[in-house]
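The values are calculated or read from the model by the stated rules, or taken from the named source; none is laboratory data. All values derive from a computational prediction rather than experimental measurement. Cβ atoms come from the backbone with ideal geometry, glycine included; neighbour counts cover every protein chain shown. Surface accessibility is based on the protein's heavy atoms, side chains included, excluding ligands, DNA and RNA. Shrake-Rupley method; radii C 1.70, N 1.55, O 1.52, S 1.80 Å.
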Amino acid sequence: MLEAIDLSKRYGGHEALRNLNLSVAQGEIFCLLGQNGAGKTTTINLFLGLLAATSGKALINGVEVKPNSNATSKMIAYIPEVVQLYGNLSGIENLDFFSRIAGFRYASDVLAEYLLKAGLQEAYHRRPLASYSKGMRQKVAIAIALSKNADFIFMDEPISGLDPKAAMEFTAICKELSQMGKSIFMATHDIFNAVNVGTKIGIMKEGRLVYTSDTAAVNANELQHLYLKTI
């Protein structure tokens, strides 16, 4: 369980996040919508342990993040909008490097299996990452998350900049991760993808979570109308 309890973050007089309460259970995909500055990235950074909360708690599997970030970091993985990997290394070399940093050592056939599970075709495993598209880089990042055996995967605008085919492939991979029992917390602007991939949806405005719903209870047009009301 990923859980925020009255979670708040202030920067001087600016309240970036106000009394956030939410939970994400095993296998759920929570898509958080909101304008730039609404508090989505702040929320992610609090769960990653990159920021300390002003008040309230961010919990991962019942463990409060900031005082125990060494422990909680082993349960999570993060895929930013722009994946930062080494362009001079191949996909499999990047995976080997980052999995070793996390404390895991895998044989090459196991590394290849993680890349295949993440949707990266074998023909690209040993090509330099500098030749990869954004969608392919994201697949390497997903493979890294799998190699860490992360329970929770945080994603910040993962669909941004992807062509329709790559976005469709990414959505399918997220659903497969959910079926594997992985939980995903995704900050996004893409309403239609949120409805397609998410099991739950939230809308944030000025640091407040103003709407939540199961995706089964709302369609894209209804969600777009609700989202536009927050602007």
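With each label point set 7 Å from Cα along the Cα-Cβ vector, what nm distance links Leu116 and Lys57? That separation, rounded to one decimal, is 4.3 nm.
When DSSP beta bridges are restricted to pairs lying wholly in the chain, around 55% turn out antiparallel.
Placing +1 on the Cβ of every Lys and Arg and -1 on the Cβ of every Asp and Glu, with no other charges, gives the chain a dipole of roughly 360 debye about its Cα centre. Computed per residue of the chain from DSSP H runs no shorter than four, each worth -39500 (n - 2.57), the mean residue ellipticity at 222 nm is -10000 deg cm²/dmol. Computed in the context of the full set of protein chains, the accessible area of the chain at 1.4 Å probe radius has 50% of its extent on carbon or sulfur. Full extension of the chain between Ala130 and His14 gives 37.8 nm of extra length, using 0.36 nm per residue less the Cα-Cα distance.
Axis angle, to the nearest 10 degrees, between helix 108-117 and the longest C-alpha principal axis of the chain: 40 degrees. Over region 21-136, Cα pairs under 8 Å with separation of 6+ residues give a relative contact order of 19 percent. Using all pairs of distinct alpha-carbon atoms, the Kirkwood hydrodynamic radius of the chain works out to 18.0 angstrom.
Heavy atoms of the protein chains alone define the surface here; on that basis the chain has 47 Å² accessible area per residue at 1.4 Å probe size.
Extending 7 Å from the Cα toward the beta-carbon at both Tyr106 and Ala172 defines two label points whose distance is 2.0 nm. Under the criterion of Cα pairs below 8 Å and six or more residues apart, the relative contact order for region 114-231 equals 19 percent. Computed over the chain with a Gaussian network model linking Cα atoms closer than 10 Å, the most mobile of Ala150, Ala112, Ala220 is Ala220. Relative to the first principal axis of the alpha-carbon coordinates of the chain, what is the inclination of helix 164-179, with its axis defined by its Cα atoms, in degrees from 0 to 90 and to the nearest 10? Helix 164-179 and the main axis of the chain meet at about 80 degrees.
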